1. Does residue 577 fit the bill of being among the polar types (S, T, N, Q), assigned to a strand (DSSP E or B) and more than 30 Å from residue 27 (Cβ to Cβ)?
2. Restricting to region 5-27, and then to whatever is buried (at least 18 other Cβ atoms within 10 Å of the Cβ) and in contact with an Asp or Glu (Cβ under 7 Å, 6 or more places away or on another chain), can you tell me which residue is farthest from residue 525 (Cα to Cα)?
3. Is it the case that some residue within region 532-544 is under 30 Å from residue 447 (Cβ atoms), part of a strand (DSSP E or B), out of contact with any helix residue (DSSP H, G or I) (no Cβ under 9 Å at 6 or more places or on another chain) and at pLDDT below 95?
4. Take the residues in region 594-626 that are part of a loop (DSSP other than H, G, I, E, B) and among the polar types (S, T, N, Q); name whichever of them is nearest to residue 575 (Cα to Cα).
5. Just the residues that are within 23 Å of residue 486 (Cα to Cα) and at pLDDT 95 or above, please, taken from region 545-565.
6. With respect to residue 547, determine if the residue is among the charged types (D, E, K, R) and surrounded by fewer than 20 Cβ atoms within 10 Å (Cβ to Cβ).
7. Which numbered condition trips up residue 219, out of (1) closer than 20 Å to residue 261 by Cβ; (2) of a type in the set (Val, Ile, Thr); (3) in a loop (DSSP other than H, G, I, E, B)?
Amino acid sequence: MKVIIKGKRVTLKDKDVLGTGGEATVIRWDNQAVKLYHQPNPWREAKLRAFLTLAPRLPVKVVAPQELVLDELGQQVLGFTMTALPVGYEPLARLYQRGFRDGSDFDTRKVVELLLDVQTTLQAIHTAGLVVGDLNDANELFCGKEVAFIDTDSYQFGTYPCLVATQDYLDPQLYNADLAQKPMFIPANDWYSFAVLAFRALLLMHPYGGTHPTLKQLTKRAQAGVTVLDSGVIYPKIGLNPKLLTDDLAQLFQRIFGQGWRGIFPPNALLEYRDTLQECSACHSWYPYTRVSCPTCSATAAFVMPPMLEVSGLRVEEFLAVNGKIVYWRLLGDTFYCITHEEGQAVLYSKALGGVARRQVLFRQLAGAHYELSGEFLAVNLNPGSGQLLLLIDLTGDKPQGLAQTTTNLFGNQQAMFGCSGRYLYRIAGGMLMRGEIKWGQLIERPVTGVLENQTWFAVAPETSPGNETILGYSRLFNAYEFFLINRDGRNTAEVALLQAGESLVDIKVVFSGGLVLLGRRTRLLGQDWLRLEVLNSAGKVINSRRAKVEDFGNIQSLTGIAFAHNLALLPTDEGTLRVDLASGQQILLTNTQPHVGDGDGLIPFGRGLLAISDNRVTNLILTGK
């Protein structure tokens with residue numbers, strides 16, 4: 001694609017795309033980033049030109065427009081240039097994911113430092129005369145201790161409004177406002193959104209999360225001021241113990257979310273909270289010294305599960321209990337595997353149905369590592385945001401042995417792309433998807449198909465028999481997604497539904513079951529989150545699909561734990577397992593699973609039931625029909 005920047009004609013390449021959203025695509029160019037609107041118009045041009053006069057007032061952590069980008073005729077403004085962030089920046093939404101928190105070194109103390117950085121930058125934005133408006137967990141990126149603000153061209157200033165806001169972060173006082181009509185935001189609305197960010201980062205859930213018997217929708221709870229800490233709300237399993245907050249900070253959140261107070265988030269509130277934190281010598285979590293004991297340890301000790309429990313037509317058996325945090329799991333054949341982080345070590349557990357668990361210490365815990373397991377070896381991404389892999393750690397002997405190292409492409413300058421079937425490793429090199437296996441102690445590879453460099457994402461089925469390999473993925477060509485399915489019949493185009501204009505991809509999950517594939521996509525359109533579920537056959541054709549608002553799917557926040565079998569999608573929600581028949585569209589909530597399943601847990605069909613994977617426990621759930 002040819003454009004004009006600083007009076008010079010330049011070519012932007014599809015392999016350099018860093019990301020795409022509902023309104024624009026961002027491309028790396030000459031150590032900078034270029035943001036191109038999908039639908040440029042005179043209003044955007046006028047706002048950009050006005051923004052350029054204000055940009056020098058903003059702190060360096062605000063990634064503001066620098067130069068206009070014109071079409072190749074020099075007539076239309078398509079977008080702008082800005083600073084390109086280094087590799088490794090991730091959205092603040094990652095801080096809410098328990099798997100990320102358990103697998104990384106981002107404890108409560110470090111999270112508070114990030115929040116303080118956000119707070120300082122937000123105050124500077126207001127001082128410069130702008131209001132963020134759409135302050136949410138995708139528009140602030142972090143790396144280490146640094147936070148950068150992006151999508152700044154949407155900010156409100158002067159007569160230019162912020163056109164849209166993300167529902168989960170929008171101040172309820174603006175729920176019915178026409179945001180595009182005129183400037184509607186004031187700094188107090190930003191501070192409300194910041195309070196939502198802080199609450200979620202500290203307790204891993206929305207302030208209006210959980211389950212209420214009558215107020216099912218988050219927006220209804222927000223308008224009524226019924227928070228997740230209210231006595232009438234079932235507290236989510238994924239949430240951290242609220243006693244990890246000090247009483248003062250908890251009262252501040254109650255004033256904001258329960259009583260409707262608005263104003264500048266008190267500058268010293270998080271500083272004072274940080275200064276109370278101490279590390280637990282047992283579980284290494286950080287908690288206020290004003291607490292008599294560690295709230296995390298107290299909650300764990302209070303929960304004692306019997307070996308077997310049968311109630312309400314459900315038999316519950318403890319399948320596996322571990323001494324740390326489960327950070328990765330997979331079912332290969334009839335054997336369940338999981339990796340935990342325990343006392344600074346990465347540990348592999350394996351257990352077959354009816355068998356005895358095997359525990360194997362692997363190596364020193366690697367913060368933020370990405371694991372992929374085959375039946376014979378483990379592949380590990382050593383450094384998030386890097387293509388470097390510690391490849392083929394041999395698991396067949398008594399002790400793990402390193403076999404080789406190699407590299408793979410990054411997707412969108414962030415995620416190292418690789419996967420394992422029961423036998424093979426798949427990675428991307430030289431524009432090819434490569435398949436490798438261990439022979440004679442070496443990695444032997446061959447190309448499978450051509451793919452777009454740096455723009456291809458894929459998932460691999462956990463097949464254990466050679467020849468039955470299945471891969472579903474997509475390549476991103478600027479703002480277009482082209483899905484493909486690879487199996488024993490070759491490569492086919494996967495004819496999944498296109499996103500609507502303005503709709504962006506937030507998260508994706510692929511689950512394989514026999515010859516079928518479930519594609520789950522969480523998307524965002526005009527501030528509202530949606531969930532798309534599609535079942536594909538072996539030819540890549542969509543045979544069943546369902547699309548609805550996330551709140552209509554039990555308000556599930558994480559797609560990680562979705563299970564799939566026989567056209568049934570099983571979603572772990574805070575109200576229990578939601579069974580979605582994708583052929584008929586019928587939904588049934590299995591309320592008897594609620595004590596054992598929550599949002600953020602993993603579900604896997606296993607034997608005659610389900611395995612439910614939580615923080616440090618795996619439970620076998622079997623419906624008895626009694």
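1. yes
2. My answer is 5.
3. No, region 532-544 has no match at all.
4. Filtering region 594-626 for residues that are part of a loop (DSSP other than H, G, I, E, B) and among the polar types (S, T, N, Q), the one nearest to residue 575 (Cα to Cα) comes out as 594.
5. 545, 562, 563, 564
6. On the way: among the charged types (D, E, K, R): yes; surrounded by fewer than 20 Cβ atoms within 10 Å (Cβ to Cβ): yes.
Judged against the criteria, residue 547 is a match.
7. (3)
Results for (1) touching a Pro at 6+ places or on another chain (Cβ under 7 Å); (2) modelled with pLDDT under 95, shown as yes or no for each residue.
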{"site": "14", "(1), (2)": "no, yes"}
{"site": "22", "(1), (2)": "no, yes"}
{"site": "27", "(1), (2)": "no, no"}
{"site": "45", "(1), (2)": "no, no"}
{"site": "49", "(1), (2)": "no, no"}
{"site": "69", "(1), (2)": "no, no"}
{"site": "77", "(1), (2)": "yes, no"}
{"site": "82", "(1), (2)": "yes, no"}
{"site": "90", "(1), (2)": "no, yes"}
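The values are calculated or read from the model by the stated rules, or taken from the named source; none is laboratory data. As the structure is a prediction and not an experimental result, all values here were calculated from the model. We place every Cβ from the backbone using ideal geometry, glycine too, and count neighbours over all the protein chains shown.
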